[in-house]
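Heads up, the thing below is written out as structure tokens.
We did not get these values from a lab; they are worked out from the coordinates using the rules stated. Quantities reported herein were computed from a predicted structural model and do not represent experimental measurements. Cβ placement follows ideal geometry from the backbone for every residue including glycine, while neighbour counts extend to all protein chains displayed.
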Amino acid sequence: MNPILIFILGVIVGVITGLIWVFCRKKNKVSLIKQQAEEKQRNKTKILELLENRGRLANDQIEQALSISDATATRYLEELEQEGKIKQVGQTGKHVYYEKT
């Protein structure tokens, strides 16, 4: 076979393989983002259910109940507070807790 033809076929196969890889990676990334958004919503719903049952919760109780980090629990609580679904009682420290509004 002609070396130039082999080179051209190699380039074509490489480009097609690259395009398939990029498409699959992008699809997986979108799927991961969707999964993370769904998990976040489930966790925020669980927080509201816990507040419904217990009346009030501190950040560390939410961390333990959902097995999430302090930063994640804080972010979820801030979002729920901005949405008007809960309110923070207290300013800082151990005495801060959250209640449903």
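Annotations for the structure displayed:
- Pair Gln41, Lys100: separation of 7 Å Cα→Cβ label points (nm): 2.0 nm
- Distance cut-off 15 Å, percentage of C-alpha pairs in region 58-101 lying past it: 39 percent
- Principal-axis tilt of helix 3-54 within the chain, Cα atoms, nearest 10 degrees: 10 degrees
- Across the chain, Cα-Cα distances exceeding 24 Å account for 46% of all pairs.
- Three principal axis lengths of region 35-87 [C-alpha, angstrom, descending]: 29, 23, 17
- Stretched out straight at 0.36 nm per residue, the stretch from Glu81 to Arg54 would grow longer than its current Cα-Cα span by 8.0 nm.
- Sum of -39500 (n - 2.57) over DSSP H runs of 4+, divided by residues of the chain (222 nm, nearest 500): -25500 deg cm²/dmol
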